[in-house]
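The values are calculated or read from the model by the stated rules, or taken from the named source; none is laboratory data. Everything numeric in this text was worked out from a predicted model, so none of it was measured. Glycine gets a Cβ as well: all are built from the backbone with ideal geometry, and neighbour counts include every protein chain shown. Side chains included, ligands, DNA and RNA excluded: accessible areas come from the protein's heavy atoms. Shrake-Rupley method; radii C 1.70, N 1.55, O 1.52, S 1.80 Å.
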Amino acid sequence: MKNIAIVGATGLVGTTFLKVIEERKIKFNKLYLYASSRSAGKIINFMGKDYEIIELKDENIKDDIDFALFSAGGSTSLEFAPKFAEKGATVIDNSSAWRMDEDVPLIVPEANIEDAENVKKGIIANPNCSTIQVIPVLKVLADKYGLKRVIYSTYQSVSGAGVKGLDDLEKNLKGEESTNFPSQIAFNLIPQIDVFLDNGYTKEEMKMVNETRKILHLPDLRVSATCVRVPVRYSHSVSMNVEMENAFDLDEVKELLSKSNGVVLVDDVKNNIYPMPIMTEGKDEVFVGRIRRDETVDNGLNLWVVADNIRKGAATNAVQILELLLDK
C-alpha cells in the first residue's frame with residue numbers, strides 16, 4: 001500500500017478528499033495531512049484514527065509520500081508541488097497553477113486518463129470545476145460525431161469560491177454586505193468569475209476555453225464561454241451549445257450518453273424531469289438533460305449539464321485519478 005498526503009486538508013475540497021477516499025475505500029499505508037500554520041497541530045479524526053495537521057513548510061515534507069493531493073491555492077502549488085515531486089511523490093493538483101503547462105497532463109478520467117502515463121514533472125493537474133463536468137459529455141460527442149464549435153454558459157454555485165463564497169451568501173441573506181464577491185449574490189446573478197482579461201473575457205471563461213482544447217487534444221476547436229455566479233450553494237450548471245462535424249440522430253445521442261461512464265441521463269421533459277443542482281449535490285456523476293437540436297445551424301445540439309462542483313468538479317475527479325494510478 002502507498003503513502004498519501006493531502007495538502008490543504010482543512011479546506012472545503014481538502015475535507016472532501018477525505019470523504020471521497022473513505023467512500024471509495026481507497027487503501028493506504030500512511031496518511032499525512034498538511035495545512036497552513038493557522039491549522040497546524042489540530043487533530044482530525046479520519047476512519048477511526050486521529051491525525052495531527054502538519055504545517056506546510058519545506059522541512060516538514062516527508063520523503064516517503066507516493067501521492068499528494070493538493071488543494072491549497074495556485075501560489076502554494078507553484079511553490080510546493082515541485083518540492084513534493086522532488087521527494088518522489090506524484091502530485092495531483094486542484095489549482096490552476098499547472099493546468100496549461102505543456103509538460104503537465106490535465107486529466108478527466110472519463111476522457112484522457114492515458115495522458116497520465118507520461119508524467120514528466122511529477123505533477124498531474126485537475127481541471128477547472130466547470131470544465132471537468134462538461135468533458136465526459138463532450139468526449140462522447142467528439143468521438144462519435146466530431147466537434148466544430150462549443151459555446152458554454154455557466155451557472156456556478158457560490159461554493160466554487162470556497163468557504164468565503166458560502167459565507168457571502170449567508171451574510172447577504174441576513175442583510176449584510178458581501179466580503180468576497182464584488183456584489184450581493186443573494187437574489188442576484190454576477191456575470192463575473194475571476195478577473196477580467198484584455199479580451200473582455202474573465203480568467204474563468206478562458207480557463208474553460210483552453211482546458212477543453214487541451215484535454216480533448218483539439219487545439220483549434222472553437223470554444224467560447226460566459227461564466228456566471230448564481231445564489232446556489234453547491235453544484236454548477238452549464239448550458240452547452242455544440243456544433244458537430246457530422247449529422248446525428250437525437251435518440252442515438254441520448255443512448256450514447258446514457259451508457260457513458262460517469263454520466264447520468266436525466267431527460268424526461270414531459271414529466272418536468274431534468275438535472276438540477278439540488279438533485280446532484282453530494283453525488284459524483286455528471287447529469288445531463290434538456291437534450292435537443294439547435295435548429296439555427298447544421299448539426300447543432302443543446303444540452304444542460306449539472307454536477308457537484310466540490311465533488312466531481314474537484315475532489316472526486318482528483319481521487320479518481322489517484323485510484324486509477326494506484327490500480328496500475
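Relative to one another, the C-alpha centroids of the range 295-325 and the range 1-37 are positioned 23 Å apart.
Subtracting the Cα-Cα distance of residue 293 and residue 149 from their residue separation scaled by 0.36 nm leaves 50.4 nm.
Take each peptide in 268-275, 122-129, 105-112, count the other Cβ atoms within 10 Å of every residue, and average; sorted highest first, the result is 122-129, 105-112, 268-275.
About its Cα centre, how strong a charge dipole does the range 56-98 have in debye, to the nearest 20, once Lys and Arg get +1 and Asp and Glu get -1 at the Cβ?
100
Peptide packing for 138-149, 13-24, 302-313 was compared via the average number of neighbouring C-beta atoms within 10 Å per residue; ordered from the highest value, the list is 302-313, 13-24, 138-149. For the pair residue 173 and residue 198, label points projected 7 Å from Cα toward Cβ lie 4.3 nm apart.
Would you mind telling me the share, in percent, of accessible area of the range 200-293 contributed by carbon and sulfur at probe 1.4 angstrom?
48
Between residue 100 and residue 326, the simple spin-label model (points 7 angstrom out along Cα→Cβ) gives 3.4 nm. List the residues of the range 143-175 whose backbone N lies under 16 Å from a point placed 7 Å from the Cα of residue 224 along the Cα-to-Cβ direction. Once the point is set 7 Å along Cα→Cβ of residue 224, 148-154 turn out to lie under 16 Å by backbone N, inside the range 143-175. Beyond 21 Å in Cα-Cα separation lie the following of the pairs 49/121; 120/214; 30/83; 19/42: 49/121.
Helix 163-173 and the longest principal axis of the Cα set of the chain meet at an angle near 60°.
Using a simple charge model, +1 on the beta-carbon of Lys and Arg, -1 on the beta-carbon of Asp and Glu, nothing else, what dipole does the range 173-300 show about its Cα centre, in debye to the nearest 20? Provide the component values of the computation, followed by the final result.
Values: 15 positive and 22 negative charges, 80 e Å.
I would put it at about 380 debye.
Summarising the strand pairing of the chain, around 50 percent of its internal DSSP beta bridges are antiparallel.
Annotation: peptides 60-73, 182-195, 237-250, ranked by per-residue average of other Cβ atoms within 10 Å with the highest first, follow the order 60-73, 237-250, 182-195. In this simple spin-label approximation, residue 29 and residue 164 carry label points 7 Å from Cα along the Cα→Cβ vector, and these lie 3.9 nm apart. Working from Cα pairs under 8 Å separated by at least six residues, relative contact order for the chain is 17 percent. Solvent exposure of the range 1-120 amounts to 48 Å² per residue of accessible area, where only protein heavy atoms count and the probe is 1.4 Å. Working from Cα pairs under 8 Å separated by at least six residues, relative contact order for the range 97-219 is 24 percent.
The overall shape of the chain is prolate: from the C-alpha gyration tensor, with semi-axes ordered a ≥ b ≥ c, the ratio a/c is 1.5 or greater and a/b exceeds b/c.
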